[in-house]
Amino acid sequence: MKIQLSYVVRRVVFAIATLIAAIIMNFLLPRLIGGDPAEMIASQTALGSAEVAEGLRKQFGLDNPSLIHQFGKYITQLLQGNLGISYFNYPVPVKDVLWNALPWTLGTVVIATLLSYAIGWLIGIKGALKPGSWFDNSALGVSFFINSVPYFWIGIMLIVIFAYKLDWFPLGQAISVDYDTLSPMGKVGSIVHHAVLPVLSLALASVASHILVLRNNLIRVLSEDYMVLARAKGLSARRRVFHYGIRNAFLPSFTGFMLSLGHVVGGAITMEIVFSYPGIGMLINNAILNHDYPLIQGAFLVIAVSIIAVNLIADLIYPFIDPRVNLN
Amino acid sequence: MKKVNLPLDGSRRWNGKQLAGGAILAFFAAAAFIGPLIAPYPKNDIEFEAWLTPSMKHLLGTDSYGQDVFSQLIYGTQTSFLVGVIAGFITTIIGVLVGLTAGFYRKWVSDALMFIVDLLLIIPVIALMIILASFLPSMGLTSIILVIGLLSWLYMARSIRSQTLSEKQRGYVEAARVVGMSNFEIMTKEILPNLFPIIAANLVSVTTQAVLAEAGLSFLGIGDPRSVSWGTILTLAHTNNAIMYDAWWWIIPPGIAIALFCYGFVLLGNGTLERFRAKRGAQQHFS
């Protein structure tokens, strides 16, 4: 299997276009909404004064009314890795604040995504093999329920049961208070112990769509002509399902992965607030409450860049899974 | 206009799922618009003792501020209902316009529109909402509805587009062209009526998403702090440590209300799609 160069080029160009769109939106939206962002920020923060507003205006390049000039300044700062100074964490640069928070979010999101796929597929396959059975019906019912409640409510319920009532896991935070005194193994243990509930609730919140997608696709695939042929050839049920069925049912599920990523990140943001987990979501929440605009914009950019990067990787893996995409 | 009347559809106008979903939604509509008249206590009334457990006087107890949770839940229904229905409606109008146009006109119109949709699909909508909402000068109910309504149409546009593409292949479009109908007439008078069920199914899912988005935004601290919605009730319960006070009556009912409300829409949507499939055969494309 060889990836065609034209396909790779197209996906990379698309990723770059998305990135540019995200940057332009990040630049333009606050300016379009109206008013003078510097004035607004100055008036809404503790630092508020005419001098602060003037300083901010300079920093944003707002002293020059030309949007093109402002955009040039914005891009220059961005290329230098300068996302401004966080007001709430003054004088720490936004870049550093985000950099410290990113591993927590990335870790939980990645593990939760893998976990929810594994569970979702297992349940989806079992359901699709016997549609209408009690297992299938209850899996469907639970899936619809999960899809109908806010992510953070699932997190709260897990805290109530497993942290508050049963006391198996901590109520929140990412590390224990005595973290610095722990041995290296103890540190890892503490991190894992604290991550279980956030990861579990995130996985649970997104497992429903995986179940539904895989189940419905597998049922459709199992009724295709080539499955009838496989049966006529006398292939075992096991071989039919695992070698023919799942391979084909898997494809839309993989496409769904790219689309669902945004949802998972959105879920992670609220989930971190529930668990006081020190990732990007917690930062965003604090930034909103404290009107820390540079941090909000920086967080948006980090989320956009991560998702665009993961999408690009998924796009480049895709031809190996489905050789047909190379053709068009 | 094309009408297909198969016997499958003749016996019953509404199937069980549609009826059940409709009944749930009617219940919530009643709670939203008549509820405030019959709610036990006035909105934001804080005259009671805090953390009271449920009793006949307070069906769902009181919260940390001494408000009757049951009454707040009823007032919240109105906000959540309005956000869901109006934002869902705005989303649907944009989704249909973009999807129909992109599906009907080939070449560059379609390519350009879908390129924009694909671009925006990758950037998480919640992040966009956060940016927009935090820079808006004030965040009232109207702004919340607009932010959600204007940013949620992407999936829908894709789904309407692929359905339009398949409708365009059908004979009746060709026939309409032969009769001399303009593009606009074919789109609005011929194709649009045939898209109705899929529009209805999408309307249902965007409405559900809007209710969940409102809850999520409230939880993030974006939104009108004075308004009462299921989302703000849950947010207050969380920030006031309802878990530590064992106040399940403050945490569980708003979640169940959201779930039930959304489930009503899901039932209605699935029922509508099933009826559509039974009527038109199973060769429809949904994406």
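Within the bounds of the range A:69-87, is there any residue that is within 18 Å of residue A:301 (Cβ to Cβ), of a type in the set (D, E, K, R) and in contact (Cβ under 8 Å) with a residue 24 or more places away in the chain?
Residues of the range A:69-87 that are within 18 Å of residue A:301 (Cβ to Cβ), as a first pass: A:70-87.
Subset that is of a type in the set (D, E, K, R): A:73.
Restricting the remaining residues to those that are in contact (Cβ under 8 Å) with a residue 24 or more places away in the chain gives none.
Checked against the condition, which is being within 18 Å of residue A:301 (Cβ to Cβ), of a type in the set (D, E, K, R) and in contact (Cβ under 8 Å) with a residue 24 or more places away in the chain, the range A:69-87 yields no hits at all.
Here are some conditions: (1) surrounded by 13 or more Cβ atoms within 10 Å (Cβ to Cβ); (2) at pLDDT 75 or above. Residue A:3 meets all but one. Which one does it not meet?
(2)
Restricting to helices (runs of 4 or more DSSP H) lying wholly in the range B:136-189: which have 3 or more residues that are under 16 Å from the mean Cα position of the chain (by Cα) and among the hydrophobic types (A, V, I, L, M, F, W, C)?
Details: elements: B:141-151, B:154-168, B:171-179.
Fully inside the range B:136-189 and qualifying: B:141-151, B:154-168.
Hey, does the range A:66-85 have a residue that's small (Gly, Ala, Ser) and either at pLDDT below 70 or on the phi > 0 side of the Ramachandran plot (or both)? Reasoning before the result, please.
Initially, the range A:66-85 is screened for residues small (Gly, Ala, Ser), giving A:66, A:72, A:81, A:84.
Within this subset, residues satisfying the condition of being either at pLDDT below 70 or on the phi > 0 side of the Ramachandran plot (or both) are A:81, A:84.
Yes, that holds for at least one residue.
Which condition number does residue B:190 fail, the rest of (1) surrounded by fewer than 17 Cβ atoms within 10 Å (Cβ to Cβ); (2) within 12 Å of residue B:104 (Cβ to Cβ) being met?
It is condition (1) that residue B:190 fails.
For residue B:215, indicate whether it is more than 19 Å from the chain's Cα centre (by Cα) and among the small types (Gly, Ala, Ser).
Values: more than 19 Å from the chain's Cα centre (by Cα): no; among the small types (Gly, Ala, Ser): yes.
When the stated conditions are applied, residue B:215 does not pass them.
Pairs only if they're at least six apart or on different chains, beta carbon under 6 angstrom, first in the range A:15-34 and at the interface with chain B (Cβ under 7 Å from one of its Cβ atoms), second in a loop (DSSP other than H, G, I, E, B) and not aromatic (Phe, Trp, Tyr); list them, first residue then second.
A:22/B:123; A:33/B:136
Going by what's in this entry, would residue A:46 be described as in a helix (DSSP H, G or I), aliphatic (A, V, I, L, M), farther than 21 Å from residue A:303 by Cβ and at pLDDT below 85? It would help to see each step written out before you state the result.
Details: in a helix (DSSP H, G or I): no; aliphatic (A, V, I, L, M): yes; farther than 21 Å from residue A:303 by Cβ: yes; at pLDDT below 85: yes.
The answer is no for residue A:46.
Within the range A:198-229, which residues are surrounded by fewer than 24 Cβ atoms within 10 Å (Cβ to Cβ) and either touching a strand residue (DSSP E or B) at 6+ places or on another chain (Cβ under 8 Å) or not aliphatic (A, V, I, L, M) (or both)?
A:209, A:216, A:217, A:220, A:223, A:224, A:225, A:226 - these are the residues of the range A:198-229 that are surrounded by fewer than 24 Cβ atoms within 10 Å (Cβ to Cβ) and either touching a strand residue (DSSP E or B) at 6+ places or on another chain (Cβ under 8 Å) or not aliphatic (A, V, I, L, M) (or both).
Which number in (1) within 14 Å of chain A (Cβ to nearest Cβ); (2) surrounded by fewer than 21 Cβ atoms within 10 Å (Cβ to Cβ); (3) under 30 Å from residue B:255 (Cα atoms); (4) of a type in the set (Gly, Ala, Ser) marks the one condition that residue B:66 misses?
(1)
Going through A:262, A:256, A:279 one at a time, which residue ends up being modelled with pLDDT of 80 or more, under 19 Å from residue A:310 (Cβ atoms) and within 14 Å of chain B (Cβ to nearest Cβ)? If you could, list the steps in order and put the result at the bottom.
Details: A:262 fails: modelled with pLDDT of 80 or more; A:256 fails: modelled with pLDDT of 80 or more.
Checking each option against the conditions leaves just A:279.
Keeping to the range B:55-73, report how many residues are hydroxyl-bearing (Ser, Thr, Tyr) and free of Cβ contacts under 8 Å to residues at least 12 places away in the same chain.
Going residue by residue through the range B:55-73, those that are hydroxyl-bearing (Ser, Thr, Tyr) are B:55, B:62, B:64-65, B:71.
Now narrow it down to the ones that are free of Cβ contacts under 8 Å to residues at least 12 places away in the same chain: B:55.
Here the count works out to 1.
Which is within 12 Å of chain B (Cβ to nearest Cβ) and modelled with pLDDT of 85 or more, of A:153, A:168?
Values: A:168 fails: within 12 Å of chain B (Cβ to nearest Cβ).
Going through A:153, A:168 in turn, the sole match is A:153.
Taking the conditions exactly as written (touching a residue at least 60 places away in the same chain (Cβ under 8 Å), aliphatic (A, V, I, L, M), in a helix (DSSP H, G or I) and within 14 Å of another protein chain (Cβ to nearest Cβ)), does residue A:140 satisfy them or not?
On the way: touching a residue at least 60 places away in the same chain (Cβ under 8 Å): yes; aliphatic (A, V, I, L, M): yes; in a helix (DSSP H, G or I): yes; within 14 Å of another protein chain (Cβ to nearest Cβ): yes.
Answer is yes for this residue.
Looking at residue B:271, is it surrounded by fewer than 23 Cβ atoms within 10 Å (Cβ to Cβ), touching a residue at least 24 places away in the same chain (Cβ under 8 Å) and either under 27 Å from residue B:95 (Cα atoms) or touching a Phe, Trp or Tyr at 6+ places or on another chain (Cβ under 7 Å) (or both)?
Yes: the conditions hold for residue B:271.
Could you identify the single residue in B:265, B:196 that is part of a helix (DSSP H, G or I), within 12 Å of chain A (Cβ to nearest Cβ) and over 26 Å from residue A:283 (Cβ atoms)?
Values: B:196 fails: within 12 Å of chain A (Cβ to nearest Cβ).
Of the residues listed, the single one that is part of a helix (DSSP H, G or I), within 12 Å of chain A (Cβ to nearest Cβ) and over 26 Å from residue A:283 (Cβ atoms) is B:265.
Mind checking which residues of the range A:174-186 are more than 14 Å from residue A:104 (Cβ to Cβ) and assigned to a helix (DSSP H, G or I)?
Initial filter on the range A:174-186 (more than 14 Å from residue A:104 (Cβ to Cβ)): A:176-178, A:180-186.
Hits for the range A:174-186 are A:180, A:181, A:184, A:185, A:186.
Looking only at the range B:206-250, filter to residues that are outside any helix (DSSP H, G or I) and hydroxyl-bearing (Ser, Thr, Tyr); which one of those is surrounded by the most Cβ atoms within 10 Å (Cβ to Cβ)? Show your work before the answer.
Restricting attention to the range B:206-250, the residues satisfying the condition of being outside any helix (DSSP H, G or I) are B:220-229, B:240-247.
If we keep only those that are hydroxyl-bearing (Ser, Thr, Tyr) as well, we get B:227, B:229, B:245.
Numbers: B:227: 20, B:229: 29, B:245: 14.
Taking the candidates together, the pick is B:229.
Go over the candidates B:246, B:224 one by one and state the one that is over 18 Å from residue A:143 (Cα atoms), at the interface with another protein chain (Cβ under 10 Å from one of its Cβ atoms) and of a type in the set (Asp, Glu).
Numbers: B:224 fails: at the interface with another protein chain (Cβ under 10 Å from one of its Cβ atoms).
Among B:246, B:224, only B:246 is over 18 Å from residue A:143 (Cα atoms), at the interface with another protein chain (Cβ under 10 Å from one of its Cβ atoms) and of a type in the set (Asp, Glu).
Could you list, ordered by first residue, the pairs with Cβ atoms under 6 Å in which the first is in the range A:308-325 and in a helix (DSSP H, G or I) and the second is modelled with pLDDT of 85 or more and of a type in the set (Val, Ile, Thr), at least 6 apart or interchain?
Qualifying pairs under 6 Å: A:308/A:18.
Select from the range A:293-324 the residues that are buried (at least 18 other Cβ atoms within 10 Å of the Cβ) and modelled with pLDDT under 80 and write down the one among them that is farthest from the other protein chains (Cβ to nearest Cβ).
Initially, the range A:293-324 is screened for residues buried (at least 18 other Cβ atoms within 10 Å of the Cβ), giving A:293-304, A:306-308, A:310-312, A:315, A:318-319.
Cutting the leftovers down to modelled with pLDDT under 80 gives us A:293, A:318-319.
Numbers: A:293: 7, A:318: 15, A:319: 18 Å.
So, considering only residues that are buried (at least 18 other Cβ atoms within 10 Å of the Cβ) and modelled with pLDDT under 80, the one farthest from the other protein chains (Cβ to nearest Cβ) is A:319.
Filter the range B:121-142 down to the residues that are more than 7 Å from every other protein chain (Cβ to nearest Cβ) and either over 23 Å from residue B:218 (Cα atoms) or not hydrophobic (A, V, I, L, M, F, W, C) (or both) and list them by number.
B:138, B:140, B:142
Only one of B:145, B:90 is closer than 29 Å to residue B:262 by Cβ, at pLDDT 85 or above, surrounded by fewer than 21 Cβ atoms within 10 Å (Cβ to Cβ) and more than 14 Å from chain A (Cβ to nearest Cβ). Can you tell me which?
On the way: B:145 fails: surrounded by fewer than 21 Cβ atoms within 10 Å (Cβ to Cβ).
B:90 is the lone residue from the list that is closer than 29 Å to residue B:262 by Cβ, at pLDDT 85 or above, surrounded by fewer than 21 Cβ atoms within 10 Å (Cβ to Cβ) and more than 14 Å from chain A (Cβ to nearest Cβ).
Would you point out which residue out of A:243, A:193 is farther than 24 Å from residue A:150 by Cα, surrounded by fewer than 17 Cβ atoms within 10 Å (Cβ to Cβ) and touching a Phe, Trp or Tyr at 6+ places or on another chain (Cβ under 7 Å)? It would help to see each step written out before you state the result.
Details: A:243 fails: touching a Phe, Trp or Tyr at 6+ places or on another chain (Cβ under 7 Å).
It is A:193.
Determine if the range A:172-183 includes at least one residue that is within 14 Å of chain B (Cβ to nearest Cβ) and under 12 Å from residue A:275 (Cα atoms).
Taking the range A:172-183 first, the residues within 14 Å of chain B (Cβ to nearest Cβ) are A:172.
Add one more test, that the residue is under 12 Å from residue A:275 (Cα atoms), and what stays is A:172.
Looking through the range A:172-183, at least one residue is within 14 Å of chain B (Cβ to nearest Cβ) and under 12 Å from residue A:275 (Cα atoms).
The values are calculated or read from the model by the stated rules, or taken from the named source; none is laboratory data. Here the structure is a predicted model, which means the values were calculated and not measured. When we count neighbours, we look across all protein chains shown, and the Cβ atoms used for this are built from the backbone with ideal geometry, even at glycine.
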